[in-house]
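Engineer: My structure is below; once you've seen it, I'll send some questions.
The values are calculated or read from the model by the stated rules, or taken from the named source; none is laboratory data. Everything numeric here is computed off the predicted structure, so don't read it as measured data. FYI the Cβ positions are ideal-geometry reconstructions off the backbone, even for glycines, and counts take in every protein chain you see.
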């Protein structure tokens, strides 16, 4: 009779412990579902004008396909702009970036402030190549380096996109657009910490009940 009573008590304790473990798992899952951060919404792109003089310096959080970039405009020589490489490595990716940028600028009616006259164009380089060309001053052939670019230009109040090589070492400054991957702001995730705290508390309670 005593053994039967002991076995019954032990079975009850085991059942109680199993219920607590199941409950802790359910609460843990609920904690993750309740406190996990919601999926991040797409960040809307914005124009960048640091001193408010109406001259656009860039675009923040511009979506190009599945990527997001901070775009920086600047006037410089190709040899300075691309001395450390290119933001894109094919005409397709550079053209996609140009299309996204021009569409955004048009949606904000910002082309006029960027293209102050029809001759101004924005260059997006993607690869370098060289060709032997005749130097008219020396009469000899020389290797000249070029950068293949996708160009955004003004056309009838809108934008036109074309492609053309430009001399890498030309002493003529051009308006370039550089695309830097946007850095997403990191946010702490409380779900993991809360889940472990919940699980630890329930398991501790289970252990105490078992010993009792």
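Engineer: Has the stretch 27-41 got any residue that is at pLDDT 80 or above and within 22 Å of residue 179 (Cα to Cα)? Give the derivation first.
Structural biologist: Filtering the stretch 27-41 for residues at pLDDT 80 or above gives none.
So far as the stretch 27-41 goes, no, none of its residues is at pLDDT 80 or above and within 22 Å of residue 179 (Cα to Cα).
Engineer: Test of understanding: among 96, 91, 102, which residue is at pLDDT 90 or above, over 26 Å from residue 47 (Cβ atoms) and in contact with a strand residue (DSSP E or B) (Cβ under 8 Å, 6 or more places away or on another chain)? Full working, then the answer.
Structural biologist: On the way: 96 fails: over 26 Å from residue 47 (Cβ atoms); 102 fails: over 26 Å from residue 47 (Cβ atoms).
Exactly one residue qualifies, and that residue is 91.
Engineer: Next question. Got a sec? Which of 184, 110, 177 is at pLDDT 90 or above and closer than 18 Å to residue 48 by Cα? Talk me through it step by step, then tell me what you get.
Structural biologist: Working: 184 fails: at pLDDT 90 or above; 110 fails: at pLDDT 90 or above.
Answer to the selection: 177.
Engineer: Would you tally the residues in the stretch 81-102 being loosely packed, with under 14 Cβ neighbours inside 10 Å and more than 15 Å from residue 148 (Cα to Cα)?
Structural biologist: Taking the stretch 81-102 and keeping what is loosely packed, with under 14 Cβ neighbours inside 10 Å, we get 83-85, 89-90, 92.
Cutting the leftovers down to more than 15 Å from residue 148 (Cα to Cα) gives us 84.
Qualifying residue count for the region: 1.
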